[in-house]
Ligand code: PRX
């Protein structure tokens, strides 16, 4: 573990001078079935990236078996249910190991084998983490789909990866709501042909439809024992697929591999959070997102940590739920999203002060830039000016945290993610693709591979190449802009493509436009982001309809329903403007820059609009806005 600023500087220097020996030392701390023959093989032009080439391992042996000798009775997963009156569950390493092995046997008994894709569409219950690990145990590739996604979105993901099995639940609890996951899954499966079996975990005891391929989890698990040797995996075998929105077309199934992902998530978890053996670490994300994969499941468990899984929401039964849970479980590490901080900041601080937060040592932020006000509120009221805040910049594609401070070890700076992790060569580029030296602002890019970079997009390597490696040859291009201060600290300024981060969720505007365009009355639409004081960004949809005299309230409602049905409620636009045209260039390209400014209310600063094909629509939109 990096314990001091000088050790950090030393590690960063070593990682640049000799990346292979730097990563060899770190990878050697894990349990490998057989060692790798080559540390790194890569070519960004194809692109091909391989780490720990020829090494054999199983990530679950590192997350589970390895800890059985030293700490079998330590809590691995601490489950806090949605309903505060339901008892929390403390699952020890020994018990988790047993339950993962038994679940792995259940998957095998139902036909799953190495290399199969298994879709997991489950609420935040321990069995979700167990299902993920059970897949890894047998070498099946898990594809977790966030339980807030719609049937259409679920079906698209199942079909893209030709999943042969679906793990779901009768339903899930989220605050005061119950979500009928099985009903949604049933609807999705009507348009999926590859799924041969569906295992249903019982959580809500809600009556559900039953199909010939359905089996109850609690019945299937009874049929198998808990002895399940770990499948031998190649370092480069896929561990999982996780979908993320793209700026165009369908979602991208990012593929992460076993060896590099394990090494990097474990390394970053340990160093960023400075986890000590008796700490209780809580990341409030859902396992349906990369943050949950890397920093609820794999990173913490690979370090033998106690990781909290929370089923609920910050506002239920009241807006002090997070603080109540922190006090109840003596949380030491609290890792959440700026959107949650901004939402909670609106409520009286008395809601925090009634709970004892003295156990907290480290705070974290992830998913979007954290604004100064939210940062200072978090620092003062949650951290009591006594907890370092790690602002961690990374992506689904990067697998783990790339730019951050290390808690209490490297300096923090509000609104800055600060410095790249040792081993991460982050640079700023200008529009020509030249590196900017020193202070400046530009496009963020990474010059050298790190172990957990996604290896491809499932089924579409060409798209992987085009999206991430073609704009600036020789670099990985994450799609974010950044600025750098004189000390080398990075501040992420936001996306430079048509992806909008809403409440920390990465949403491509094109798929939302496609959903809106499915409405029979819609001719064309354009979706842009605009600043929102809680969500960070919200979505504004400009919509051209066939008949301008249409009932606007009704069509707005129907458009929101269409988007919720095709993608999920998180993608519903906050504002919908029915317009007679969209500002376009003479070549017919929609001027999104202008639409963004109009949505932000920044309409005095639109630049020269006289070259537009239809400048009159700008005035029309302005009038609607006012
Ligand atoms: O724009 C950046 C933003 O979230 C994007 C990645 O989204 P996703 O793949 O869903 O992963 C989110 C969780 C890692 C990035 O391209 N982002 C993430 N973390 C930060 C951030 N922007 C600023 N500061 C951050 N700490």
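The values are calculated or read from the model by the stated rules, or taken from the named source; none is laboratory data. All of these numbers come straight from a predicted model, not from anything done at the bench. Using ideal geometry, Cβ is built from the backbone for each residue, glycine included, and neighbour counts are taken over all protein chains shown.
Just a few scattered comments:
- Condition check for residue 523: in contact with a strand residue (DSSP E or B) (Cβ under 7 Å, 6 or more places away or on another chain), at pLDDT 95 or above, under 30 Å from residue 558 (Cβ atoms) and assigned by TED's automatic domain parsing to the domain that holds residue 598: no
- Odd one out for residue 143, checked against (1) part of a loop (DSSP other than H, G, I, E, B); (2) within 18 Å of the chain's Cα centre (by Cα); (3) at pLDDT 95 or above: (1)
- Residue 584 meets all of the listed conditions (1) touching a strand residue (DSSP E or B) at 6+ places or on another chain (Cβ under 9 Å); (2) at pLDDT 90 or above but one, namely (2).
- Within the range 134-148, the residues that satisfy the criterion of being more than 13 Å from residue 116 (Cα to Cα) and surrounded by 24 or more Cβ atoms within 10 Å (Cβ to Cβ) are 144, 145, 147.
- Residues being within 11 Å of the ligand (Cβ to nearest atom), without any contact (Cβ under 8 Å) to a residue 60 or more places away in the chain and in a strand (DSSP E or B) - total across the range 483-514: 2
- Residue in the range 284-304 that is nearest to the ligand (Cβ to nearest atom), counting only those that are surrounded by fewer than 24 Cβ atoms within 10 Å (Cβ to Cβ) and over 18 Å from the mean Cα position of the chain (by Cα): 303
Here's the yes/no breakdown for (1) more than 20 Å from the chain's Cα centre (by Cα); (2) within 23 Å of residue 5 (Cα to Cα); (3) at pLDDT 95 or above:
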site: 407; (1), (2), (3): yes, yes, yes
site: 419; (1), (2), (3): yes, yes, yes
site: 426; (1), (2), (3): yes, yes, yes
site: 429; (1), (2), (3): yes, no, yes
site: 436; (1), (2), (3): yes, no, yes
site: 459; (1), (2), (3): yes, no, yes
site: 468; (1), (2), (3): no, no, yes
site: 472; (1), (2), (3): yes, no, yes
site: 489; (1), (2), (3): yes, yes, yes
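- Within the range 216-227, being touching a residue at least 40 places away in the same chain (Cβ under 8 Å) and closer than 14 Å to residue 130 by Cα holds for 217, 221, 226.
- With respect to the conditions (1) surrounded by 15 or more Cβ atoms within 10 Å (Cβ to Cβ); (2) under 30 Å from the mean Cα position of the chain (by Cα); (3) under 18 Å from residue 516 (Cα atoms); (4) touching a residue at least 40 places away in the same chain (Cβ under 8 Å), residue 572 falls short on a single one, namely (4).
- Any hit, the range 438-458, residues being within 22 Å of residue 143 (Cα to Cα), in a strand (DSSP E or B) and not assigned by TED's automatic domain parsing to the domain that holds residue 159: yes
- Output for the range 379-390, where each listed residue is over 18 Å from residue 322 (Cβ atoms) and within 15 Å of the ligand (Cβ to nearest atom): 388
- Filter result (buried (at least 18 other Cβ atoms within 10 Å of the Cβ) and assigned to a loop (DSSP other than H, G, I, E, B)) within the range 219-230: 224, 228, 230
- Any hit, the range 27-40, residues being part of a helix (DSSP H, G or I) and within 13 Å of residue 422 (Cα to Cα): no
- On inspection, residue 472 passes the criterion of being part of a loop (DSSP other than H, G, I, E, B), more than 9 Å from the ligand (Cβ to nearest atom) and either crowded, with 19+ Cβ neighbours inside 10 Å or touching a residue at least 40 places away in the same chain (Cβ under 8 Å) (or both).
- Condition met for residue 454 (within 15 Å of the ligand (Cβ to nearest atom), touching a helix residue (DSSP H, G or I) at 6+ places or on another chain (Cβ under 8 Å) and more than 27 Å from residue 243 (Cα to Cα)): no
- Any hit, the range 531-552, residues being crowded, with 23+ Cβ neighbours inside 10 Å and over 22 Å from residue 600 (Cα atoms): no
- Condition check for residue 342: within 16 Å of the ligand (Cβ to nearest atom) and either within 20 Å of residue 306 (Cβ to Cβ) or surrounded by fewer than 23 Cβ atoms within 10 Å (Cβ to Cβ) (or both): yes
To keep it simple, each residue is scored yes or no on (1) touching a helix residue (DSSP H, G or I) at 6+ places or on another chain (Cβ under 6 Å); (2) surrounded by 12 or more Cβ atoms within 10 Å (Cβ to Cβ); (3) closer than 29 Å to residue 69 by Cα; (4) without any contact (Cβ under 8 Å) to a residue 24 or more places away in the chain.
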{"residue": "2", "(1), (2), (3), (4)": "yes, yes, yes, no"}
{"residue": "12", "(1), (2), (3), (4)": "no, yes, no, no"}
{"residue": "16", "(1), (2), (3), (4)": "no, yes, no, no"}
{"residue": "26", "(1), (2), (3), (4)": "yes, yes, yes, no"}
{"residue": "33", "(1), (2), (3), (4)": "no, yes, yes, no"}
